[in-house]
Amino acid sequence: MKLTRRDFLKISGAATVGLALEGMGLNLKPVEAYTATLRIKDAKETPSICCYCSVGCGILFHTDTKTGKVIYSEGDADHPINQGSLCAKGASLYQLAQNDKRSTKVLYRAPNSDKWQEKTWEWAYKEIAKRVKKTRDATFTVKNEKGQVVNRCNGIASVGSAAMDNEECWIYQAMLRALGLVYVEHQARI
Amino acid sequence: MTNHFIDFANSDVVLIMGSNAAENHPISFRWVMKAKDKGGIVIHVDPRYTRTSTKADIWAPLRCGTDIAFLGGMIKYVLENDKIFKDYVVNYTNAAYIVGEKFDFKDGLFSGFNAEKKAYDASNWAYVLDEKGIPKKDLSLQDPRCVLQLLKKHYSRYDLDTVSKITGTPKEDLLKVYEAYSSTGKPDKAGTVLYAMGWTQHTVGVQNIRAMCILQLLLGNMGIAGGGVNALRGESNVQGSTDQGLLFHILPGYLPTPSASVTSLAEYNKKYTPVSKDPRSPNWWQNRPKYMVSFLKAMYGDAAKPENEFCYSWLPKTEDGKSYSWLDLFDAMYKKELKGFFSWGQNPACSGANSNKTREAMANLDWMVVVNLFDNETASFWKGPGMDPKKIKTEVFYLPCAASMEKEGSISNSGRWTQWRYKAQEPPGKALPDGDIIAELFLEIRKLYQKPDKKTPLPDPIVNLKWDYMTNHKFDPHLVAKAINGYFLKDVTIGDKTYKKGDLVPAFAMLKDDGSTSCGNWIYCQSYNQDGNNMARRDKSDPSGIGLFPKWSWAWPVNRRIIYNRASVDPTGKPWNPKRVVIEFAGEEKDGKYTSMKWKGDVPDGPWYPLKNPDGSDREDGKLAFIMKPDGYASIFGPGLKDGPFPEHYEPMECPVEKNPLGAQLTNPVAAVYTTAKDALKTCDPRFPFVGTTYRVTEHWQTGVLTRWIPWLIEAEPQIFVEMSEELAQLRQIKNGEKVVVESPRGSVEAVAIVTKRFRPLTVQGVEIHQVGLPWHYGWVWPKEGGDSANLLTPSVGDPNTRIPESKAFMVNVRKKGV
């Protein structure tokens, strides 16, 4: 049985068409195979884990090998927790990869300004580093009132982030503690 | 979570309380439904009838913030109807301990309360010790001063009438839940509890969970398949970020943050390394010094030496008794005590309680750095509602970062499965992975400390921080994952095996306190070892037959899938329930005595012999079940908390009642409260007559930064709404779909009214009480008609133990817009 895409769309318009047609003795395997190739033909498959809730569902991303862009995502059928199924958020995840509202530039808002200015990474790293040093050094307590060594920066705080990977979280805490921060918090507290 | 998601299918009774699992953790619900398909009972206790309720066999409504009254009634029911699993309770819990004469409970307060300091002196709650220093026990559980009898006395006040009067739950519904859940107090029955922020976001949050722990212990539900206490956490890696110590009170691996009075590593080890006089207690935290030293080696590398206490002095110290938690942080910011701020992968302008206070606080900063995927209410706070950019001096650096599929690394789910994920595309534009941003920024900061002058305070930890995590100038997650797992730093012989300098440590039992090992986080030791990256494993085999999947990814600790699993067997090592075996002792046996040590099944909570031989004789080398408790027994009586050893019902800090029928104390006497002008609280104020709560919907996530910009999701749930009962709508002349204003003493939001049968008025102390609820996913940045954050309404008051804000129960008014 040979089906064009148009034919398939026509017959798939009916509800539960698959079961009905198979019940009528039609073999839908070629259709399934054909539809599966439509979007992810020539795509590279990458296993991932959903970034939303904490269930940890497996997701497969399909990346167009020519453009390098994610073109589709689906539940990972091999994953023991979700076995291919996903909720509304997980199912929409490729729209996070393909999204023209994503932030793509380093921005700076000057004191009392009403707008953003575009900046480079190099500029941002240097300027942030300067402010970190100035504030840290100005608000650092080596010894408290009781004379106990506390080696603490009192003037800088951080929140974040459960949205980072474990490895990123670890080096982030290492940096913050090396700077002497004690106001270190994140989503787990709220 | 003590258990894991797939394990829900092993339950006979699933109690979902403080969670809307079907909508907020939808895939977890597949496993709840599998339990139901097998004949299990699903119970949902919630102020609102949700999609979780629709699938439940029993739904019981309750008033927000009255869970302890509800559960206290169940404790009374279980004890008075003799539903407890006695063998379990006697062998594995502290029910038999004798409590000292100083412990008492009167007029709503435990003994030892200092009204001036608003704090308890917990020394009043101590056990009676024998001559060896071990708590005295009455194994018959009859002594009036034993924990079980004190428990019975404490909850004797929680009769059905009183509970119903507080919670608003009809008595017949209470009984239905109590009967169904207490049926799990048998060796071959399992009951599990699924909770979420509905339990934690209260000024009695920890005690909500403690009340359930007590029930799980009385019913013998801890450590078993289909049991446990299971937090459905809100974020994909909030388990991991907690494990990695991104909180003020803990370093990675739950090592306490040192405070000022702990002036040396020796003192630290003394203070935080528990000692047990009972040789049968594994007292696992006795290993703490190994984990601390290995952590310091991971941080400071070669600079950390025995002679400088491994640079312990470099770790920042908190002031004793001072909290630096989220609420305290924004309180300090509001009071202009902070100058610089990082908001990394978070949107505090909408996510924390009392958003108006948070947003105003940000205007007091000199500078802030915001790292995110999309513009958000924190990055753009200076142009938000009520803000005049010209008057706000705060400099803002906004750094665009990569999404999860644009980098490689691991995340840990609620069931402690640590799963590796891969990169599927490059980040857009100039966006970079967080790891690259952190790595580069720190190098830039370090440059400024390379040639310190005399005025530069303590450059050493910055200059010496180990920072070799880049390959070809890119952040390399494999290098960090290995550092977290840990290395041998010199040749070390353990038993008959020699490990070479530079080898990865196989598991945390091999870590040392002499500086010969490094380990960034001891609970992750084994995640990336000589076998490779265990977190990336994808072997689907399940020899357990109960869904452990031991070779799929990796779970902390040491790939144990159900923690406290030594409690799943009887004292001779035989499973309580032979049909759902988690572990089983499989050592050789001769003349009624075990002669070799071997377990099969899940990774046991330690390799030791069980407590007894097959002939029932005690083994001196047998070990107790609860290995992380210093004494080896699970705590029904919990003297380690700030608000008492037994949970007691207290009203939310803002509540609709003037009296607590259970005692003279209305609210938690030691709750965290703040005193700025932005911290208004109004109880029984006719201007705010309705109980308010917040929640989430399936289509959005947290403050919505990662969902409001997703076309499918924002189309499905485009704007903030407020759900209310038909009765309340009639009272306020509000029609379904109308725009209304919801206001609290701290702020207001406009929302679309959803008039629904999902909320019903409840009768509380003879008065009709209305409750309303709003999702907190929205913010003014996007979409323009979406509305603002429901956290504009919530109060900045917190649990005394965790200081998590009380976002789930507060008082509001609802009125038609323009009226």
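The values are calculated or read from the model by the stated rules, or taken from the named source; none is laboratory data. Note that the structure is predicted; figures quoted are calculated from it, not measured. Every residue, glycine as well, gets a Cβ built from its backbone with ideal geometry; the counts of neighbours run over all protein chains shown. Just so you know, the surface numbers come from the protein's heavy atoms only, side chains and all, with ligands and any DNA or RNA stripped out. Shrake-Rupley method; radii C 1.70, N 1.55, O 1.52, S 1.80 Å.
Checking B:Leu194, B:Leu251 one by one, the residue that is within 14 Å of chain A (Cβ to nearest Cβ), of a type in the set (A, V, I, L, M, F, W, C) and farther than 28 Å from B:Leu329 by Cα is B:Leu194 and no other. Scanning the stretch B:516-543 for residues that are surrounded by 17 or more Cβ atoms within 10 Å (Cβ to Cβ) and more than 12 Å from chain A (Cβ to nearest Cβ) yields B:Ser516, B:Thr517, B:Ser518, B:Trp522, B:Cys525, B:Gln526, B:Asn529, B:Asn534. Would you call B:Ile41 out of contact with any Ser or Thr (no Cβ under 9 Å at 6 or more places or on another chain) and aliphatic (A, V, I, L, M)? So B:Ile41 does not fit the description; no. The strands (runs of 3 or more DSSP E) located wholly in the stretch B:1-65 that include 1 or more residues which are closer than 30 Å to B:Glu654 by Cα and under 21 Å from the mean Cα position of the chain (by Cα) occupy B:13-17, B:41-45. Each residue in the stretch B:78-104 was checked for being farther than 23 Å from B:Tyr564 by Cα and open to solvent by less than 40 Å² (accessible area, probe 1.4 Å), and 5 pass. A:Glu167 fulfils the conditions (1) within 7 Å of chain B (Cβ to nearest Cβ); (2) part of a loop (DSSP other than H, G, I, E, B); (3) buried (at least 21 other Cβ atoms within 10 Å of the Cβ) except for a single criterion, (2).
Can you name the residue in the stretch B:329-340 that is more than 8 Å from chain A (Cβ to nearest Cβ) and in a helix (DSSP H, G or I) and, of all such residues, is nearest to B:Ala119 (Cα to Cα)? Per the criteria, the residue is B:Asp331. The set of residues in the stretch A:77-90 that are open to solvent by 10 Å² or more (accessible area, probe 1.4 Å), of a type in the set (Gly, Ala, Ser) and under 12 Å from B:Thr707 (Cβ atoms) contains only A:Ala88. Hey, any hits in the stretch B:356-365 for a residue that's touching a Pro at 6+ places or on another chain (Cβ under 7 Å), more than 22 Å from B:Gly429 (Cα to Cα) and more than 7 Å from chain A (Cβ to nearest Cβ)? Yes, some residue in the stretch B:356-365 is touching a Pro at 6+ places or on another chain (Cβ under 7 Å), more than 22 Å from B:Gly429 (Cα to Cα) and more than 7 Å from chain A (Cβ to nearest Cβ). Checked against the criterion of being crowded, with 22+ Cβ neighbours inside 10 Å, touching a residue at least 12 places away in the same chain (Cβ under 8 Å) and more than 7 Å from chain B (Cβ to nearest Cβ), the stretch A:103-118 contains not a single residue that satisfies it. Which residues, taken from the stretch B:209-247, are part of a loop (DSSP other than H, G, I, E, B), open to solvent by 10 Å² or more (accessible area, probe 1.4 Å) and free of Cβ contacts under 8 Å to residues at least 40 places away in the same chain? Scanning the stretch B:209-247 gives no hits. Residues in the stretch B:150-169 that are free of Cβ contacts under 8 Å to residues at least 40 places away in the same chain and in contact with a helix residue (DSSP H, G or I) (Cβ under 9 Å, 6 or more places away or on another chain): B:Asp161, B:Ser164.
Restricting attention to the stretch B:264-296, the residues that are farther than 30 Å from B:Glu131 by Cα and either at pLDDT below 95 or open to solvent by less than 20 Å² (accessible area, probe 1.4 Å) (or both) total 7. Looking across the stretch B:302-315, the residues that are open to solvent by 10 Å² or more (accessible area, probe 1.4 Å) and of a type outside the set (Lys, Arg) come down to B:Asp302, B:Ala303, B:Pro306, B:Glu307, B:Asn308, B:Glu309, B:Phe310, B:Ser313, B:Trp314.
Just one of the numbered conditions (1) touching an Asp or Glu at 6+ places or on another chain (Cβ under 8 Å); (2) open to solvent by 10 Å² or more (accessible area, probe 1.4 Å) is not true of B:Cys401: (2).
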